[in-house]
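Notes to accompany the following structure.
No value in this document is a laboratory result; all are computed from the given coordinates. Bear in mind that the values here come from a model prediction, so they are computed numbers and not experimental data. Every residue, glycine among them, receives a Cβ derived from its backbone with ideal geometry; neighbour counts consider all protein chains shown.
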Amino acid sequence: MKRRKKDKEKPKASAYERFYSNMRMKIVGAFFGMTIVVVIFWSAMYSVVAYAADGLHRDDTRDELLEDLHHIVEMLEAAHAEPASAAQANLITLNARQLNATIALQSGNEQWNIYGEGADRLRKQLSTTGSDEWYHYRWNNPFTTRDAVLMTTVQGSDGTSYRLAINKPLAAWYDHFYYAVSPQLLFVLTIALLALFATPWRKQMQLMKMMLDAMSRIASGDFAVELPKVNRSGDMEVIVEGLSDMATELQQLEQTRQRFISDVSHELQSPLTSITGFARALHNETLSKETRLDYLERIEAESMRLSKLSDSLLKLTMLEAQREIMEPCSYELDMQLKRTALALEPQWLGKRIELDIDLEHATVTGDEDALRQVWTNLLHNAIKFTPEDGTIRIQLKKEQQHAFVTIADTGIGIAEEDLPHVFERFYKADKARTSSKGGSGLGLAIAATIVRQHGGTINASSVQGQGTTFEVTIPLQPAAAEKLGKPTESKNGR
C-alpha cells in the first residue's frame, strides 16, 4: 500500500500579517470605492452640464451651418463654376471633406446632387421634408454621434439663388468625457499612493506591529516588554502608553507572585525542617527525659508557628479579595485602642516599657474586629522591637472627618533601604532577628490591607537607632473617604 503523504499544514499568519492584509484590502477597497463615487458623480455632473450646454448651442450650430453654406456659395462664385459642371462638383466635394460634412445642391430639375460621405442618410432626410427651409438637430443618447441638418436657400452676390442642404455630424457628449474625468482619477490615485507609502502611515503600521508583538509576548507570559515613546500620534500614543503601563504592572505583579511563592516556600520550609529534625532525633532512645521534652516543646512551637502562618495567609487572602468593609458598625475608637493596649499588657510590662497614651474621643464606622487587628499588629511590633525600659506612644487625634492614630516607639528603628518595603508580604528588615522572635512578615501587610479597605492611609517613618513611627489615617464615616483602596506610603525621617 502506498503511503499517503500528509498535506503540509500552512503556517498560520500572525496577527500583524492578518491585520496588515485586512488593512491593505480596506485601502484598495476604499480606493475603488472613491473611484466609483468620483466617476458616478462626475458623470452625472457632466451629463447635466452637457445637456444644458447642448440646448444653449443648438441655435449656434444652425448659424455655423448657414455660415458654411454661404462660404460654399462664395467659393462657387469666385471660381466661376458653371452649374452641374465637374468644377462645381469638385469644389463642393472639397468643401465637404474639409468640413467633415455631407453637402447637397439642388439642380434646375429639382434633383439633389449630394457630395461627401453619408449621402444616403442626407438623401433620406431630404425626402422626408417638403418645406423650403428646414433645420433638424438629432441625437439618440450621450454616447452616440449627433448630427445637425440644415436645408435653406442662399442668395449669391449676383442674385442667383442656391438651394443647399448640409448634414454635419457632431461629437457625442462623452467623446471628451475621459479627458474631463482623468484629472479626478489621477487625484484619487495620488491620494491612494500617498496613503500607501506616506511616512506617517508606515510609522503607524510599525507601531501597530510592535504593539501586536508586545501583546503576543504578554499573552505567552513574557511581561518584559518595552515600547518606544510615541510623540504626537493621537490615539496611538494613548494606546502605546496604556499597553506599556499594562506590561509594567503585569511584570511587577508577576515578580510579586514569584516572590510570594518563594517566600511562602521559605517560611513553610523552615519550621518543617525543624519539625522533621526534632522528630528524627526523638527516635534516639538514649535521649534523656528533659531533652526529649525540650524537643517536643520545639516541635509544638514550630507547629504553632505554621498554624499562625497559615491563618495569616488565609486572612490576608480574604482581605485582599474583599472590595468593601465586611461588617461596618459605629464604635468608640479611643476605647478600642485602650482595650488593645491592656490586652498586650503582659508583653510590655515584661519588658518594663512605659506607655504614653494620649487619646481624644472619636467615633468611627468600620469593621471593629478588622481595625482591632491593625492596632494589635502595630503594638505587637512596637513591643517586640523596643528594648527594655523603652517607651511606646499611642496618640489619637480627630480633625474634620478623619481620625489620626500614631503609634511610635523608641526601638531599634528600620534602615532607610528597608523602609519602603515594610508593608510588603513576608518582608523582614532583619530576617534573622525577626525569625528568632517568631515573626512571619505578614502583620504589617494585613494592617495595610485593612486600612486601605477603610479608605485610609498608613505611613511609616523611622530613624535607625531612635525608633519607628506608624501613622494611620481613617475616615470617621466611609463616605468621607475620597477613594477606597488608596495605596499606603512609607517615609524616612520624622
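Between N22 and D59, what FRET efficiency comes out of the Förster formula 1/(1 + (r/R0)^6) with R0 = 51 Å and r the beta carbon distance, rounded to 0.05?
Computed FRET efficiency for D59 and N22 comes out at 0.35.
³J(HN,Hα) across the range 99-108 via Karplus (A = 6.51, B = -1.76, C = 1.60, θ = phi - 60°), whole Hz, x for Gly/Pro?
Result, ordered by residue: 8, 6, 9, 10, 10, 10, 10, 7, 8, x Hz.
So between Q269 and Q347, what do we pick up on full extension, going 0.36 nm a residue minus the alpha carbon distance?
Value of the extension gain: 25.2 nm.
By per-residue mean of other Cβ atoms within 10 Å, what is the highest-first order of 93-99, 285-291, 77-83, 470-476?
Working: 93-99: 16.0, 285-291: 8.7, 77-83: 12.1, 470-476: 21.1.
Top of the packing list down: 470-476, 93-99, 77-83, 285-291.
Which ³J(HN,Hα) values in Hz, rounded to whole numbers, follow from the phi angles of the range 69-74 under the Karplus curve 6.51 cos²θ - 1.76 cosθ + 1.60, where θ = phi - 60° and Gly and Pro get x?
With the stated coefficients, the range 69-74 comes to 5, 4, 5, 5, 4, 4 Hz.
Which of the residue pairs K308/K397; K26/K209; K289/K351; K308/K338; K308/K351 have a Cα-Cα distance greater than 27 Å in the structure shown?
Values: K308/K397 33 Å; K26/K209 17 Å; K289/K351 32 Å; K308/K338 25 Å; K308/K351 24 Å.
In this structure, K308/K397; K289/K351 exceed 27 Å between Cα atoms.
State the extension gain, in nm to one decimal, for the chain segment bounded by H283 and D245, taking 0.36 nm per residue of separation less the distance between their alpha-carbons.
8.0 nm
Would you tally the net charge around P387, using a Cβ to Cβ cut-off of less than 11 Å, leaving P387 out, and scoring K and R as +1, D and E as -1?
Neighbourhood net charge equals 0.
Quickly work out the R123-to-E354 label distance, labels modelled 7 Å from Cα along the C-beta direction, and quote it in nm with one decimal.
Result for the modelled spin labels: 14.1 nm.
What FRET efficiency comes out for the pair I36/Y331, r = Cβ-Cβ distance, R0 = 56 Å, nearest 0.05?
The pair I36/Y331 has a calculated efficiency of 0.15.
Taking the mean number of other Cβ atoms within 10 Å as a proxy for protection, how do you rank 369-380, 400-411, 30-41 from highest to lowest?
369-380, 400-411, 30-41
Take peptides 116-125, 243-252 and line them up by average Cβ neighbours within 10 Å, highest first, as a rough protection proxy.
On the way: 116-125: 16.3, 243-252: 14.8.
The packing order, highest mean first, is 116-125, 243-252.
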